[in-house]
Amino acid sequence: MSAAASTRADARTLRRHFLRFLAQSPLLASFGGMAVQRHVEAQDDAVLSGALKWTELIANADDAVNVWDFEPVLRKNVNAGHYAYLAQGADSFGTIAANRRGFDKIRLRPRRLVDTSSVDMSVQLFGQRYSSPILLCPVGEQQMFHPDGEVAVARAAKASNTLQMLSTVANFSVEDVAAARGAPGWFQLYPTSKWENTLAMIERAERAGCAALAVTVDVPARNLEPVERFDRDNDPKCQACHAAAVGQSPWRLRHMFDGLDMTGVTMGITGLTWSYIDRLKSATAMKVLVKGIVTAEDAALCIRHGADGVIVSNHGGRADESLRGTIDALPEVAAAVRGRVPVIVDSGFRRGTDIFKALALGATAVGVGRPYIWGLGAFGQAGVEKVVELLTRELKIVMQQMGSASMASISRSSLEY
């Protein structure tokens, strides 16, 4: 067997081990027992389900009919460790399942004989108008899925005039991404244990023209098992990358940390309090949003501490095992905010109907994460563009069914739950 064939065989073996781990998870029962078991045996996606399963993978982005079509292509393209990083959830994956189940509790009430020949899906956020309420959430280290990483996503965002939020742990810098998009997006912040370093990144994002800073507050600690179970030492692709890092800083591929002394510095601080929001507000002219809010109490505190926006998020089921979807949390957060600042929601959105339901429940915009990464890992920029196109098309269709010709015309009267 050639070295290349041996490498491919090793990667397939590692993927099977990871999928077998998923099959043994309590998530299996959440998605329907033996039906999911059969999917796992066929190396289908056991974590993120929802589409008809076809035997042939799509050959190019334009062949996709929904966002799930990209996931098995990504899974074929990337190594098992990177797939585990993307697919993993907290504890037993219950919150990942809850994110999807939440949409099933909400039914739609279509309206007839309303003129929807012209549908305006544009939204305005902090003075910038975007073509739709769909935004691309921060996802770290996107070169794990495609060599062009966040830059490919930026080009896709430019093509569709879609908002992109860059992760603190992105492989490309905020300057690179702004240049590729032709305009700055937003910057997501993981606070570090060294304020001087955090402030340096904030100032850098502001100099690059970012209009908003979204501070993530939902991961002071968490339990993610798939990557821990993954045996990096026996994966040749992982070894090729990580062996090159011996003796180098682990931050070397995360270019927002360039020039910073990261010795002894950590992220995921457990000691943060609401005073940190006050500190951020005084440190930047950017709008400050709080990402990871799922209760009315915390939404009210966001307003009290001057937050310019609230992002309802459970990190795509990666933050905690709350067993509560963000679509379940959205109504109480929106009620507490009372329209004073934008409310954005993410985690588990896969269909235009999902997005419509969130808008009807009070969301200003809706973020997607894994779906556009599936597109990126499958076909690069073209895959991301197609994911945005599919979700936008589906949202337009459901708006026409509901008799909603604009964002302002979407209301709870379209929902039954």
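Screening the candidates Gln43, Gln88, Gln37, Gln128 for the property of being modelled with pLDDT of 90 or more and either among the polar types (S, T, N, Q) or farther than 16 Å from Arg350 by Cα (or both) yields one hit, Gln128. Here Ile397 qualifies as free of Cβ contacts under 8 Å to residues at least 60 places away in the same chain and not in a strand (DSSP E or B).
Matching residues to (1) part of a helix (DSSP H, G or I); (2) without any contact (Cβ under 8 Å) to a residue 60 or more places away in the chain:
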{"site": "Asp320", "(1), (2)": "no, no"}
{"site": "Ala329", "(1), (2)": "yes, yes"}
{"site": "Val341", "(1), (2)": "no, yes"}
{"site": "Ser347", "(1), (2)": "no, no"}
{"site": "Glu385", "(1), (2)": "yes, no"}
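Cβ separations smaller than 8 Å between residues 6+ apart or across chains give the following pairs from region 266-284 residues that are on the phi < 0 side of the Ramachandran plot and in a helix (DSSP H, G or I) to residues that are buried (at least 17 other Cβ atoms within 10 Å of the Cβ) and modelled with pLDDT under 95: Tyr276/Pro191.
Scanning region 285-298 for residues that are part of a loop (DSSP other than H, G, I, E, B) and either farther than 18 Å from Phe126 by Cα or without any contact (Cβ under 8 Å) to a residue 12 or more places away in the chain (or both) yields Gly292, Ile293, Val294, Thr295. Just one of the listed residues (Ala363, Ala405) is more than 22 Å from Lys76 (Cβ to Cβ) and crowded, with 24+ Cβ neighbours inside 10 Å, namely Ala363. Restricting attention to region 252-265 and to residues that are part of a loop (DSSP other than H, G, I, E, B) and modelled with pLDDT under 85, the residue that is nearest to Ser167 (Cα to Cα) turns out to be Arg254. Criterion first (over 20 Å from Glu416 (Cα atoms), part of a strand (DSSP E or B) and hydrophobic (A, V, I, L, M, F, W, C)) does Ile373 satisfy it? Spelling it out, it is not the case that Ile373 is over 20 Å from Glu416 (Cα atoms), part of a strand (DSSP E or B) and hydrophobic (A, V, I, L, M, F, W, C).
Just one residue in the set Ala358, Ala334 is in a helix (DSSP H, G or I) and touching a Pro at 6+ places or on another chain (Cβ under 9 Å); that residue is Ala358. For region 102-139, name all the residues that are assigned to a loop (DSSP other than H, G, I, E, B), crowded, with 18+ Cβ neighbours inside 10 Å and touching a strand residue (DSSP E or B) at 6+ places or on another chain (Cβ under 6 Å). Hits for region 102-139 are Ile106, Pro133, Cys137, Pro138.
The values are calculated or read from the model by the stated rules, or taken from the named source; none is laboratory data. Predicted model only: the values in this text are computed from it and were never measured. FYI the Cβ positions are ideal-geometry reconstructions off the backbone, even for glycines, and counts take in every protein chain you see.
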